[in-house]
Amino acid sequence: MKSLHDDLHVTAPGPESCLRHSTSLPEAVGHWFMARGWQPRRHQLDTLAAMTQGHSCLVIAPTGGGKTMAGFLFSLADLASSGGSGLHTLYVAPLKALCVDMARNLGAVVDETGISARIETRTGDTPQACRRRQRSDPPDILLTTPESVALLASWPEAGHIFGHLRVVIVDEIHELAGTKRGDQLALALTRLSALSPGHRRIGLSATVAEPMKLRSYLDDGAGVMIIRADGGAFPDITIMEAGNRIPLAGHTARHAVPDIYRAIRDVGTALVFVNTRSQAERVFQDLWEINDDNLGIALHHGSLAREQRLKVESAMAEGSLRAVVATSTLDLGVDWGAVDLVVQIGAPKGVARMLQRIGRAGHRMDEPSRALLVPANRFELLECQAVLDAIGEGVLDGAPRERGGIDVLAQHVLATAASGPFDPDTLYRDVIKAPPYASLERGLFDRIVDYVATGGYALAAYERFRRLTACDDGTLRISNEATARRFRMNAGTIVEDARLKVRMRNGKVIGEVEEHFVLGLSVGETFAFAGDVWALVGIRQTDAIVTRARDRDPRVPVYGGGSFPPTTNVAGFLRKILAEPDRRAVLPDDVREWLDIQTKLSALPGVDDLLVETFPRAGKMFLVAFPFEGRPAHQTLGMLMTRRMERMGAGPLGFVANDYALAIWSLRRVLDIETLVDESLLLEDLDDWLAGSSLLKRSFRKVATVAGLIERQHPGYRKTGRQVTFSTDLIYDVLRRHEPDHVLLEAARKEAMDTLLETRRLEDMLVRVRGRILQRDLDTVSPLALPVMLEVGRQMVASSALDDLIDAFGGDP
Amino acid sequence: MIVNGTALQPDPTGVLHWAEARLIAVADLHLGKGKAFARHGSLLPPHDTNATIRRLAEAITRLEPECVVCLGDSFHDREAVSGLDQASLAALEDLARGRDWIWIAGNHDPAPPAMLSGRAMEAFTNGGLTFRHEPSCAMVAGEVSGHLHPSAVIAPKGTRIRRRCFASDGRRVILPAFGAYAGGLDVHERAFSGLFPAGFDVWLVGGREMRRIRGNRLVRPAWIES
């Protein structure tokens, strides 16, 4: 692992040291800097120099380090000196808001320096006519998102649009690399390289653990220079010592709300980060409950109506708010001016994530950021301490997955075909230049192309309906314009649950909420949303009609995603806290006592041990294991272990997992724990179990949508009122039974294993604990096991148990 | 299940078995639906027709009926009959051999499949039962129909389970859609209103055994106006 301090302070050796003196700002820009009393920073000048010499660069700077300006200096200089002819610079960012923000900033620079350059954004909000005009007459600088780049490259006029491209800037590249959107962008970048060879790529990144991985994400073969900003002041982070004892379980941090309120009151402005939208709603309600000083406290998350979010954002920028309770929607970029304090409620889950959030405070490199961590329960407190230890010792998180998605590649093949005939050999050579696909085998590539062409089924049933047609010269072309049109309607790699607008009876839209949450509500039931309590009146087409209600205990929407497991790095530090008594000295008394009693009654595991406790309770045998690998990995482990227990005759009845532990209950005691957590678990049982699980259906739905097997459900699809639900589950069942080797099933399996099941993490854990099982047979539940035991009874139902549930529901035979 | 005094056995596969008359009824096979989607650009797995016929064959082998009544929408569209592959044609012919096979006309397949064995009819009456595609607005005692693809949601222990189902009030019965790609329509939707004026029961398919569940124990989805 890479040291944090290295990243902050050390400049990579190499050609850049000799660049420093050779380049200065173009005159106009230099005056503009001077008029503001600003000095260009060293990394900005270095970037300009490197690009002037024709290099691509990766610029690494902490938030507030001026890295975006570094990315644009060369483009401004080049446009100022040589003028533009067609699209000169393409700026790609993960959020629309960043593009809009950047367009505004750049526009000001251009206006005030008199550089002649047309700057435009292109996002989902850009009007149709404007988009059409951008294709025939592109601006000098286009600011856009990965999805829009892929779409633009799918037009027949892609060569005209991108033919004169000089610079591609990828902002917040660390957010994109390793995701499906990043895969899509990497593939689109290979197209841009083919269309305009020799242009420069600039990646802008926050401080990351493994810059070499980002560098290779950016590298088109010509090499990428890494440029680091000077380090900022070291952040000042404390864990809140709440007046009340910290609870064993729960995620609401209710015990700490009065202290959080006081912390907000004592500073100018604060950002209060939570991990999920439901936590945001709860914390916001709780703060207002005790807001005796009537402080301006607002709420911000991705489900709120756009107008409301913008209102909060501008109120914050004007300084008229004291605090905003927010989810990760505020993690990135958009500049908010002075924030005095960042409060993180709940465990931060990762070092990089924590640093990014902390970076929002201060936002000036030379001032230390102030942050307050508020754990909601005891394990979260340990996790917060683990994050502090990791930051203190300068150990950052490792990199995420690297294998590119099969479904994303299928979309790229169709996008390429939509822009014109392509030669499969050439396309394959281009695709493997995209780092996520570097190890893609030709066989799999050919299966994907076959899938795009005919559906890829063993029966040649669809020859007549081919989407790609072979030409005499060996190239493939799209069969008809309708196919290209359908592709453009359905492109994109984000598949979200359908959402409904939450609308008041007077027509005012409050925001959007996942359809499945609303479908689970009965008319009249109340729920907390957008900082208020509402009662459901009914659903009309794509709207959930609501009216204000009074209810002290409303339901809170549970949103898909948004909660991450602790990173491997953080989990490692957490295990160190348990293993090394010295590290526990800083913990609050009640938490230390809790761990001391655990040592007396059971044991604390060594850093590479797996503690497994067994005890009887209520006529059943319980087994609690503490792998600390996060809930997704634990759920997979629970599935696999219960299957094996079934075969061992232990009669497993159920299990529940949280981020830290896994509890399984059964009729009989398992004697041989070593065999139960053997590595062969992942070989023998996984495929078998996965094939029948609803997880695979879920990933199949996503994969089938991204790969273009089924069309996206566009808003308003329920308009007919007589909706026959024809779900992807039906397609999945048929495909699995009749064509189990289909490439999309393989894609769904890979997706499920990588993202939902964390099988690789599980495998590493099983290897680590081999021969290091610390087994304790106890009379009763131990202090460490209490939190997970409190969750028993709230677990998800496995799909295999549905029949039992239906039976239990009763009815007359 | 008793319909108009006749004892019927809803089967977990979704076919309706009238053991006494050695007859089964099956609704909305939608053969050829995958291919119909492919014609419009969605290259769905082409195995749905095969899958549906195979499931039907299993039920026929197990229940050994002398008469099979397909309640309409057996074919997804006009092209579906002509587009049927040889294997499917042969499988359907095998099933029909030695049996009275009745193709009731549906809105998707108003014309009878001339190339296949069996009788094509608008409706078919046997004893106290009348088999037709679409439930009629007028109350016909003993009506056995399909067309609406009924499905229902139950909520055991706080979860939600949605399944296709039979729906009956003792006077008429509406069968679930049998086709592999045929979806479901919640029994509370407007399309069902007026069909069961005095309430109804459902039998969920796809489970281990069939149980009658009273309509008032079902979850009424919030999007359906009352």
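The values are calculated or read from the model by the stated rules, or taken from the named source; none is laboratory data. In this text the structure is predicted, and so the values were computed from the model without any measurement. Here Cβ is always computed from backbone atoms with ideal geometry, including for glycine, and neighbour counts include all displayed protein chains. Just so you know, the surface numbers come from the protein's heavy atoms only, side chains and all, with ligands and any DNA or RNA stripped out. Shrake-Rupley method; radii C 1.70, N 1.55, O 1.52, S 1.80 Å.
For the A and B pair, go ahead and give the buried accessible area with a 1.4 Å probe, both sides summed, in Å² to 100. Chain pair A/B: roughly 4500 Å² of buried accessible area. Once the Cβ-Cβ distance of A:Arg647 and A:Ala438 is raised to the sixth power relative to R0 = 45 Å, the FRET efficiency obtained is 0.65.
Please report the net charge: other residues with Cβ closer than 10 Å to the Cβ of B:Arg22, K and R +1, D and E -1. Charge balance in the 10 Å sphere: -3.
Orientation-averaged projection of segment A:51-161 equals 7.5 nm² [convex hull of Cα atoms, one quarter of hull surface area].
As a length-normalised measure over Cα pairs under 8 Å and 6 or more apart, the relative contact order of segment A:42-106 settles at 27 percent. Measuring r between the beta carbons of A:Asp754 and B:Asn126 and using R0 = 45 Å, the FRET efficiency lands at 0.20. Once the 1.4 Å probe is applied to the protein heavy atoms, the protein assembly as shown comes out at 40 Å² accessible per residue. Add +1 for every Lys or Arg and -1 for every Asp or Glu among the other residues with Cβ under 13 Å from the Cβ of B:Arg171, and state the total. Local net charge: -2.
One Cα centroid belongs to segment A:124-174, the other to segment A:723-772; the line between them spans 35 Å.
Going 7 Å from the Cα of B:Arg78 along its beta-carbon direction, which residues of segment B:112-130 have the amide nitrogen within less than 14 Å of the resulting point? Only B:112-114 fall inside the zone, counting backbone N under 14 Å.
Packing, as the average of other Cβ atoms within 10 Å across residues, places the peptides B:23-35, A:47-59, A:150-162, A:125-137 in the order B:23-35, A:47-59, A:150-162, A:125-137, highest first. For the protein assembly as shown, the dipole from Cβ point charges (+1 on Lys and Arg, -1 on Asp and Glu) about the Cα centre works out to 1700 debye, to the nearest 20. Annotation for B:Ala155 and A:Lys600: the two label points, set 7 Å from Cα along the Cα-Cβ direction, are 4.7 nm apart. Averaged over peptide B:34-42, the number of partner chain Cβ atoms lying within 10 Å of each residue's Cβ comes to 6.
Listed cross-link partners A:Lys96/A:Lys213; A:Lys433/A:Lys750; A:Lys67/A:Lys576; A:Lys508/B:Lys35; A:Lys67/A:Lys501; A:Lys508/B:Lys33 are compared with a 32 Å cut-off, the Cα-Cα value being larger for A:Lys67/A:Lys576; A:Lys508/B:Lys35; A:Lys67/A:Lys501; A:Lys508/B:Lys33.
Rounded if a/c is under 1.5, else prolate if a/b beats b/c, else oblate: with a ≥ b ≥ c from the C-alpha gyration tensor eigenvalues square-rooted, which is segment B:27-180? Oblate is the answer for segment B:27-180, as a/c is 1.5 or above yet b/c matches or exceeds a/b. Straight Cα distances below 13 angstrom link A:Lys697 to the aspartates and glutamates A:Asp729, A:Asp733, A:Glu746, A:Glu751, with same-chain residues fewer than 8 positions distant left out.
Burial here means at least 30 square angstrom less accessible surface with every protein chain in place than with the chain by itself, probed at 1.4 Å; in segment A:737-762 the buried residues are A:Arg737, A:His738.
Using r as the Cβ-Cβ distance of A:Ser85 and A:Glu318, and R0 as 35 Å, what FRET efficiency do you calculate, to the nearest 0.05? It comes to 0.30. Relative to the dominant Cα principal axis of chain B, helix B:48-63 is inclined by about 70°. I'd like the orientation of helix B:86-96 relative to chain B: the angle between its Cα long axis and the longest Cα principal axis, in ° from 0 to 90, rounded to 10. Compared with the principal axis, the helix lies near 60 degrees.
Note on the protein assembly as shown: semi-axes of the ellipsoid equivalent to its C-alpha gyration tensor, largest first and rounded to whole Å, are 52, 38, 28. Roughly speaking, to the nearest percent, how much of the protein assembly as shown's 1.4 Å accessible area is carbon and sulfur? Whole-percent figure for carbon plus sulfur exposure: 50. What shape does segment B:154-197 take by its C-alpha gyration tensor, where a ≥ b ≥ c are the square roots of the eigenvalues and a/c under 1.5 counts as rounded, a/b above b/c as prolate, and the rest as oblate? Since a/c reaches 1.5 but b/c is at least a/b, the shape of segment B:154-197 is classed as oblate. For chain B, averaging the sequence separation of C-alpha pairs within contact (under 8 Å, six or more residues apart) and dividing by the residue count gives a relative contact order of 22 percent.
Summing +1 for each Lys or Arg and -1 for each Asp or Glu among the other residues whose beta-carbon sits under 12 angstrom from that of B:Met121 gives 0.
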